[in-house]
Amino acid sequence: MTKKIAFKTLGCRLNQYETDSVASNFTNAGYEVVDFNNEADAYVINTCTVTNMSDHKSRQTISQAYRKNKDAVLVVTGCMANNHKDKLDQNEHITYTIENDRKGSIFNLLDGHFKGEIIAPEELKQDRFNFKSAEKSFRTRSLIKIQDGCDNFCTFCIVPHVRGRAISRSWEEIKSNIEEVLKFGYKEIVLTGVNIGRYEHKGLTFENLVEKILEIPGNFRVRISSIEPEGFGDKLFDLFSHPKLMPHLHMCLQSGSDKILLKMRRQYTVDEFRGMVNKIKSKIPDFNFTTDIMVGFPGETIEDFQETCNLVMEIGFTHVHTFKYSVRKGTRAERMPEQVPEKIKSERSSIVRDIAENNKRKYRSSFIGKTQSVLVEKINSKGIASGYGEFYLPVKFKIDKDTRLKDFRNVEIIGIEDKEDPSILATPINK
C-alpha cells in the first residue's frame, strides 16, 4: 500500500521553499502527499522559533499531528529543531528531530525507515543547499533559495544561532534551479533566503545576481522576498525598470526610532531607510512597500513608538507584519533593562495594524481605473479567477474565454471588496 506523507510549514518563505523540495522528493518516489489535516503514515513539521508565538504554534502543530495518527512517524525539523533539540528529543511522540543543515535529507531518512533501515539523524548529509527543484509545489509561484544564514546578530534575533552563519549558493546552481522550474511550467519565481541582500558568491553580489537572473530567457516574472535594508545600492533600484522584476519589496524596518534601531543593532538609520524608499518611488511612484515592525522592544517609549507610527503612515506600507518583542534566550536583548509589559505590546501592535489596514485600503483604491497583468492562480466553481498583479496586489475577476490557469491576464481594476482584507476587483481586457 502506498505510504501517505503530510507536511506542515510554519514561518518564513525559506521554510516553504525547503518543504516544497522535500515533498517533491516523496512525490517523485511514488509516495502520496496528503493534506496535513488528513490521516497519514508520516507527518513532517517544518517549524519556526523566531518568537514565543512561533514556538507555541510549532508545539500545537506537533500535538495535532500526534492526535491524527498516534502510530505515524513524526518528523520535526526547522529552526525549533535547532533551538530546542534537547527538549524535542525527549518528546516520546516525536520519532526524529532533524536540524536545518540536514533537512534536505529527510526523504532518505523516511524512505529508509519505511524499508526497515536504521538511519540515525546525525548520519544524514549536512548541506544547507541540498534541495532539488520542486516540480509540484504547494504554491503557484516557485521559490528559489539563493542564500542561508546571517552574520548580523541583531540583539533580539536568534536566527544566526538556528540558521547558522551566512552562506550563498553558486550562480550555476541558482541558474539551473530556475531553468528547471521554468520547464515545469512556473511563470513566477521568488528569490528567498535569510539575508538575501548580503548575497555574495565568488565576487557576485546580490544586485549582479538579480541582473543575471533577469537575462535568463523565458516569459516569467521575478519577485524579491523579504530583504534587509542593507547590502545593496542604486543598481538594484535601477533594475526595477526591467519588465521581469516586479515592483514590490518587503523591506524590514522593525522600528521608526533611531534610538531603538541602534539598540537592536540594525545596520541602517531611519533617514537611510527613507532614502531608499524615496529613490525607488522617484522611479516608480506606485511601488508597493511592505514591512516588518517589532513593538515593545526593551526601552521603547511612547515617543519611540509614535515615531514608528509616523513613519508607517509616511511611507504608506500596504502590509505590516507586526509582532511583539519576545525574549529569545541567548540574545543580548534578553539582558536589557526596561522590558515592556505585554499589555502595552498588545496595544501598540493593534495600533500599527490599524494604520497598516488604512494604508492598504487607500493604496489598493488608488489602482481603480488602472491595468494590471495578473498571474492566474485559482479559478473557482463560480468562474472567478484570482491571482496577483505586478504590484503584489490580490486581484479577482470573472473569467472569459481567454482566461487560463497559470497564464498572465491583463485586467482593468474596477473596485475593491468591502471587507477586512480586500481583494481588488477587475474585469479582463480583450486581447
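Expressed as a fraction of 2.2 N^0.38 Å, the C-alpha radius of gyration for segment 33-72 is 1.21.
Tally Lys and Arg at +1 and Asp and Glu at -1 over the other residues with C-beta under 11 Å from the C-beta of H250: what net charge comes out? Combined, the nearby Lys, Arg, Asp and Glu give 0. Placing dummy labels 7 Å off each Cα toward the beta-carbon, the span from E357 to I216 is 3.9 nm.
Amide H contacts under 5 Å for Q254: D292, I293, M294, restricted to partners 5 or more places along the chain or on a different chain, H placed in the peptide plane at 1.01 Å from N.
In order along segment 81-88, the phi-based Karplus estimate (6.51 cos²θ - 1.76 cosθ + 1.60, θ = phi - 60°) of 3J(HN,Hα) comes to 5, 7, 6, 10, 4, 4, 5, 5 Hz; Gly and Pro are listed as x.
Hydrodynamic analysis of segment 1-117 uses the Kirkwood radius over alpha carbon pairs. Inserted into Stokes-Einstein at 4 °C and 1.567 mPa s, it gives a translational diffusion coefficient of 93 µm²/s. What does a probe at N208 reach in segment 120-154, counting residues whose amide N is under 20 Å from the point 7 Å along Cα→Cβ? 146-148, by backbone N distance to the label point. Using a probe of 1.4 Å on the protein chains alone, the accessible area found for Y17 is around 10 Å².
A Cα-only calculation for segment 252-363 places Rg and Dmax at 14.2, 43 Å.
Put simply, the C-alpha atoms of segment 77-198 give a gyration tensor, and the ellipsoid matching it has half-axes of 26, 22, 12 Å, longest first.
Put simply, when 166-175, 141-150 are sorted by average Cβ atoms within 10 angstrom per residue, most first, you get 141-150, 166-175. Projecting the Cα atoms of F220, N208, M251 onto the charge dipole of the chain (Cβ charges, centred on the Cα centre) puts F220 farthest toward the positive pole. Surface exposure of the chain, expressed per residue as accessible area with a 1.4 Å probe, stands at 45 Å².
Exceedance of the 32 Å cut-off in Cα-Cα distance is limited, within the set K283/K329; K8/K406; K187/K362; K85/K396; K70/K125; K279/K360, to K283/K329; K85/K396. Segment F153..D400, full-extension length gain: 83.8 nm, with 0.36 nm per residue of separation and the alpha-carbon distance subtracted. Taking all Cα-Cα distances within segment 344-406, those exceeding 20 Å account for 45%. Paramagnetic label reach from R139 (point 7 Å along Cα→Cβ; backbone nitrogen cut-off under 16 Å): within segment 10-36, residues 10-24. Relative contact order, whole percent, for the chain stands at 10, derived from Cα pairs under 8 Å and 6 or more residues apart. Taken over the Cα atoms of the chain, the convex hull encloses 157 Å³ per residue. Each part reduced to its alpha carbon centroid, segment 179-248 and segment 1-78 end up 29 Å apart. Using the Stokes-Einstein relation with a Kirkwood hydrodynamic radius computed over Cα pairs, the translational diffusion coefficient of segment 119-278 at 25 °C and a viscosity of 0.890 mPa s comes to 144 µm²/s.
What the phi angles of segment 257-269 give under the Karplus curve with 6.51, -1.76 and 1.60, with θ = phi - 60°, is a coupling list of 10, 4, 4, 6, 4, 5, 5, 6, 6, 6, 9, 7, 10 Hz, glycine and proline written as x. Placing pseudo-labels 7 Å out from each Cα toward the beta carbon at D407 and E420 gives an inter-label distance of 3.6 nm. FRET efficiency for the S63 to R332 pair, using the beta carbon distance and R₀ = 30 Å, is estimated at 0.40.
Across segment 288-301, rounded Karplus estimates of 3J(HN,Hα) from the backbone phi angles (6.51 cos²θ - 1.76 cosθ + 1.60, θ = phi - 60°) give 9, 10, 10, 7, 10, 10, 9, 10, x, 5, x, x, 5, 8 Hz, Gly and Pro being marked x. When M276, M246, M313 are compared by accessible area at a 1.4 angstrom probe, the order from most to least is M313, M276, M246. Listed by chain and number, the aspartates and glutamates whose C-alpha is less than 15 Å from the C-alpha of K263, apart from same-chain residues fewer than 8 away, are E300, D304, E334, E338. For segment 60-195, the relative contact order is 21 percent, taking Cα pairs closer than 8 Å that sit 6 or more residues apart in sequence and dividing their mean separation by the residue count.
The values are calculated or read from the model by the stated rules, or taken from the named source; none is laboratory data. Everything numeric in this text was worked out from a predicted model, so none of it was measured. Glycine also receives a Cβ, built like all others from the backbone with ideal geometry; neighbour counts cover every protein chain displayed. Side chains are part of the model used for accessible areas, which takes the heavy atoms of the whole protein and leaves out ligands, DNA and RNA. Shrake-Rupley method; radii C 1.70, N 1.55, O 1.52, S 1.80 Å.
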